[in-house]
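J.: This structure is in structure tokens; I'll ask about it shortly.
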């Protein structure tokens, strides 16, 4: 294999890269600088969109059916709707904080989301956490 292109996507470490699954038109990048950048592959000079995740990004996953991108961060999962002009996440998913033992001197530590994957229908998001659990989130249609 040979390097076909190279571009400066972030100032610090890049921890995650994802490409839109259906058309390969967009690349998402994220890392320690807490920025999620969306790049059009035809113009890699500057991101077409940039979002502040407010937390280190560990992994990124594009939804295969909707124009959503999910980011696994130290503070949970953040999902942006790429159609929206709003730069705030459409959804923020945080795991339930484990209950503290009466014997425990410290408060329980919130697990960190480190990996993500959408199912092929784009209706379920599988998330891996530092506590060893996989949490499965399902999109609920409120009209049902």
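J.: If packing is taken as the mean number of other Cβ atoms within 10 Å per residue, what is the order of 85-93, 27-35, highest first?
T.: Details: 85-93: 13.4, 27-35: 21.0.
Per-residue mean Cβ counts within 10 Å order the peptides as 27-35, 85-93.
J.: Determine, at each q value in 0.10, 0.11, 0.17, 0.21 (inverse angstroms), the log₁₀ of I(q)/I(0) that the Debye formula gives when each Cα of the chain is one equal point scatterer.
T.: -0.37, -0.44, -0.95, -1.34
J.: Any idea how far apart residue 114 and residue 94 come out in nm if each label point goes 7 Å out from Cα toward Cβ?
T.: It is 2.2 nm.
J.: Follow-up question, since we're still on this one. Can you tell me which of 48-57, 9-18 comes out highest on packing, and rank the rest after it, using the mean Cβ neighbours within 10 Å?
T.: On the way: 48-57: 17.4, 9-18: 15.3.
So the order, starting with the most tightly packed, is 48-57, 9-18.
J.: Under 8 Å for C-alpha pairs, at least 6 residues apart: give me the relative contact order for the chain, rounded to a whole percent. Present the calculation step by step, with values, prior to reporting the outcome.
T.: Values: 303 pairs, mean separation 20.5, N = 144.
Once normalised by length, the contact order is 14 percent.
J.: Under a point spin-label approximation (7 Å from Cα along Cα-to-Cβ), what is the residue 1-residue 136 distance to one decimal in nm?
T.: Between residue 1 and residue 136, the label points sit 3.1 nm apart.
J.: Provide the gained length on full extension for the span residue 40 to residue 124, in nm with one decimal, where the gain is 0.36 nm per separating residue minus the Cα-Cα distance.
T.: 27.7 nm
Here, each number is a calculation from the coordinates, and none is a lab measurement. Predicted model only: the values in this text are computed from it and were never measured. Every residue, glycine among them, receives a Cβ derived from its backbone with ideal geometry; neighbour counts consider all protein chains shown.
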